[in-house]
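Structure first, then comments.
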Amino acid sequence: MDSRLPDAARLRDSVIAVPPLAVTPAGDFDRDENAKIIRHITSGGVTHLLYGGNALLYHVRPSRYAELLSLLSELTDAQTSVVPSVGPAYGLMMDQVDVLADFAFPTAMVLPQRDIADDAGIATGIRHAAERLGRPLVVYIKFDRWLAADTVRRLEADGVISWIKYAVVRDDPADDDYLRELLDVFPAARMVSGIGEQPAIEHLDQFGVGGFTSGCVCVSPAKSQQMLRAIQAGRLDEAETIRQYFLPLEDLRNEINPIRVLHEAVRLAGIADTGPLFPLVSPLDEASRKRIIDAVMPMMADATAI
């Protein structure tokens, strides 16, 4: 595992994959199947893994958090950066950073909390966790005005932010006053588009953010990495073609549920047996699975040609 803090230059190197977590029927972390997912992703040139919502870290038992961290650190090579998540509840987050302190993960992402939380309180919680861990954290901004721009400015001045995952959904990703406000106070090179391939062109080309996270990269990593390179090189027509390539699976994720669809897509594509979802999340019905197969099979057939 690459234990270096991911700076702006390293964030540009790779799409940040947000994989599902493979679990056995008994609810244990499946070492072999998680290894398959990681090998598939890294075989496409991806060197950043972020375990968060798609891995359902919201629902991992605190008593098994150290076990999960051990597994992730052991399954990755020295070129692969891994970011686990903490929270979203304050007490859980603080207990988790105590566990994280025994590992070499360079940072962790704070899962977003919207209920029973407010701007100043969220900032205080992030400060406490970063100070306790002794490392800056990834801030996940998923909701409009979740943190005021001035709050982000103060957190950055305090040195507690590693990078920001910006994932506020807009009808038109190019029309985003909140993102502009944040970029007035936070370096664009350490701001990452957090909603997959669909808004990545606008976010990287027009706003200048440093990279993007993706769930679909777990199915077709080389293609997603190719899209990142195309945007960085200004080949926007090529990038748009690749965005359309991912659209059928992304449309299903948006229509049904992004986590549940990706979990099934990785399995149905033959990449790894992801196993059951943690409760409180339910499996998909057979009709949805058939639609996912229709979306991922052309992607897997194309992967051999990349």
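Every number here is computed from the coordinates shown, using simple stated rules; none is lab data. Quick caveat, the model's predicted, so the values are computed rather than measured. Neighbour counts run over all protein chains shown; Cβ positions are idealised from the backbone, glycine included.
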Cβ-Cβ under 7 Å, sequence separation 6+ or interchain: first residue in the range 256-269 and in a loop (DSSP other than H, G, I, E, B), partner among the β-branched types (Val, Ile, Thr). Which pairs? Ala269/Val219; Ala269/Val296
Wholly within the range 44-151, helices (runs of 4 or more DSSP H) carrying at least 3 residues that are of a type in the set (Gly, Ala, Ser) and crowded, with 16+ Cβ neighbours inside 10 Å: 119-133
Identify all residues within the range 106-128 that are closer than 18 Å to Glu156 by Cβ and among the hydrophobic types (A, V, I, L, M, F, W, C); write none if there are none. Ala108, Met109, Val110, Ala120, Ile122, Ala123, Ile126
Right, Ala148: more than 21 Å from the chain's Cα centre (by Cα) and closer than 18 Å to Leu68 by Cβ or not? no
Could you check Ala8 against (1) among the aliphatic types (A, V, I, L, M); (2) touching a strand residue (DSSP E or B) at 6+ places or on another chain (Cβ under 6 Å); (3) closer than 25 Å to Gly210 by Cβ and say which number it fails? (2)
Go through Leu236, Leu252, Leu228 for me and flag whichever is farther than 15 Å from Pro298 by Cβ and touching a residue at least 40 places away in the same chain (Cβ under 8 Å). Leu228
Give Arg4, Arg31 a once-over and let me know the one that is among the charged types (D, E, K, R) and either farther than 26 Å from Pro276 by Cβ or touching a Ser or Thr at 6+ places or on another chain (Cβ under 8 Å) (or both). Arg4
The listed residue being in a helix (DSSP H, G or I) and either among the polar types (S, T, N, Q) or touching a residue at least 12 places away in the same chain (Cβ under 8 Å) (or both), out of Val217, Val281: Val217
